[in-house]
Protein chains: 2
Amino acid sequence: MVKRVSLWDSGCPVARSLDAIGDWWSLLIIRDAFDGKRRFGEFQQGLGISRGVLATRLRDLVTRGIFETAPASDGTAYREYVLTAKGQGLFPVIVALRQWGEEFLFGLGETHSLLVDRERGDPVERLSVRSADGRSLDWSDTQVTA
Amino acid sequence: MVKRVSLWDSGCPVARSLDAIGDWWSLLIIRDAFDGKRRFGEFQQGLGISRGVLATRLRDLVTRGIFETAPASDGTAYREYVLTAKGQGLFPVIVALRQWGEEFLFGLGETHSLLVDRERGDPVERLSVRSADGRSLDWSDTQVTA
DNA sequence: CAGTATCCCCCCTGATACTG
DNA sequence: CAGTATCAGGGGGGATACTG
């Protein structure tokens with residue numbers, strides 16, 4: 001994590017993002033946060049992660065400004081972990097991973113959870129990369145420049 | 001990787017995607033592939049990854065149907081690794097990671113690489129999650145259903 | 001319930017040497 | 001150049017026990 005310093009310094013935003021949240025657990029924790037989970041125990045139970053590892057991950061994510069802690073809303077003495085604006089900015093990442101999984105990793109018969117528009121209940125649209133003038137871009141229509 | 005079996009079986013596409021490409025190197029390799037790299041040495045040099053690890057990763061990714069091998073286009077005896085349709089489907093994931101990194105992980109003075117529309121040279125639009133009827137959705141406007 | 005502290009093991013990873 | 005084989009280390013991760 002603090003290991004691949006050269007990648008962080010590479011000037012590639014993808015590498016830097018992965019350095020921040022590309023470990024085994026972070027994105028799963030963040031997914032659960034988008035799902036409404038806030039408490040240590042909620043994350044721990046849902047993920048089957050050990051408490052020690054979860055505590056470390058949560059602390060790292062707070063340090064990185066992705067989560068912040070707040071007093072428990074139920075009046076108990078414990079903390080809650082809520083996503084900051086920076087953490088909420090990961091929503092498209094989670095959605096992109098979800099849609100790729102739905103499309104390529106499930107058999108036709110298999111069922112999976114679905115992300116829907118809360119207001120109308122319809123599934124959300126497939127993400128698409130668009131040009132400044134609104135055209136849908138394939139990866140081969142793009143290029144990385146310095 | 002084949003370790004978190006319970007997560008793969010959870011029926012959550014996010015978890016299943018992470019199980020497939022959520023390790024330390026896969027997404028970086030895939031990023032380089034989108035960048036036009038195809039040869040073992042190109043990946044190895046660009047990432048600073050050891051040959052052994054790269055060979056393992058590449059083999060896994062081929063097994064998972066994300067890359068496929070092709071004879072070298074320059075007539076040499078070696079293979080090239082090219083993204084399948086399934087691998088190309090990860091483009092929005094890479095773009096989402098890139099955009100998050102650009103927005104939250106770089107200081108104002110720092111420069112980073114940029115993804116542009118090849119045709120016009122303009123940066124691509126920020127990804128947005130949209131409802132079936134075209135509204136832009138915040139994460140709180142959505143919900144995961146069974 | 002929400003953590004922290006400790007121990008231990010596995011496997012990921014890098015380094016090196018070897019082959020086609 | 002493109003791998004494979006082998007070895008050694010280091011850290012992430014689980015299990016357990018303990019504390020507030």
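The values are calculated or read from the model by the stated rules, or taken from the named source; none is laboratory data. Small disclaimer: the values here were computed from a predicted structure and weren't measured. All Cβ positions, even for glycine, are placed from backbone atoms using ideal geometry, and neighbour counts span all protein chains on display. The accessibility values were calculated without ligands, DNA or RNA, using every heavy atom of the protein model including side chains. Shrake-Rupley method; radii C 1.70, N 1.55, O 1.52, S 1.80 Å.
For the structure I just gave you, tell me whether B:T84 is more than 16 Å from DNA strand C (Cβ to nearest atom), open to solvent by less than 40 Å² (accessible area, probe 1.4 Å) and farther than 17 Å from A:R98 by Cβ. Give the steps one after another, and end with the answer.
Values: more than 16 Å from DNA strand C (Cβ to nearest atom): yes; open to solvent by less than 40 Å² (accessible area, probe 1.4 Å): yes; farther than 17 Å from A:R98 by Cβ: yes.
Considered against the rule, which asks whether it is more than 16 Å from DNA strand C (Cβ to nearest atom), open to solvent by less than 40 Å² (accessible area, probe 1.4 Å) and farther than 17 Å from A:R98 by Cβ, B:T84 comes out as yes.
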Search result, residues across the range B:53-79 that are under 14 Å from B:A33 (Cα atoms) and aromatic (F, W, Y)
B:F67
I need a count of the residues in the range A:45-54 that are near DNA strand D (Cβ under 10 Å from one of its atoms) and surrounded by 13 or more Cβ atoms within 10 Å (Cβ to Cβ).
4
Residue among B:R98, B:R130, B:R79 that is within 20 Å of B:L18 (Cα to Cα) and charged (D, E, K, R):
B:R98
Out of all the residues in the range A:105-113, is one or more at the interface with another protein chain (Cβ under 7 Å from one of its Cβ atoms), touching a Ser or Thr at 6+ places or on another chain (Cβ under 6 Å) and either in a loop (DSSP other than H, G, I, E, B) or β-branched (V, I, T) (or both)?
no
Let me confirm something: among A:S128, A:S140, which residue is hydroxyl-bearing (S, T, Y), surrounded by 13 or more Cβ atoms within 10 Å (Cβ to Cβ) and more than 7 Å from chain B (Cβ to nearest Cβ)?
A:S128
Does the range B:51-73 contain any residue that is assigned to a loop (DSSP other than H, G, I, E, B), over 17 Å from the mean Cα position of the chain (by Cα) and more than 12 Å from DNA strand C (Cβ to nearest atom)?
yes
Would you say A:D60 is buried (at least 17 other Cβ atoms within 10 Å of the Cβ), touching a helix residue (DSSP H, G or I) at 6+ places or on another chain (Cβ under 6 Å) and of a type in the set (D, E, K, R)?
no
Looking at (1) open to solvent by 40 Å² or more (accessible area, probe 1.4 Å); (2) of a type in the set (S, T, N, Q); (3) more than 10 Å from DNA strand D (Cβ to nearest atom), which one does B:S17 not meet, given that it meets all the others?
(1)
Complete set of residues in the range B:114-125 that are within 22 Å of A:L97 (Cβ to Cβ) and either open to solvent by 40 Å² or more (accessible area, probe 1.4 Å) or not in a strand (DSSP E or B) (or both):
B:V124, B:E125
Taking B:I30 and the conditions (1) open to solvent by less than 20 Å² (accessible area, probe 1.4 Å); (2) β-branched (V, I, T); (3) over 22 Å from A:G11 (Cα atoms), which numbered condition does it fall short on, given that it satisfies the others?
(3)
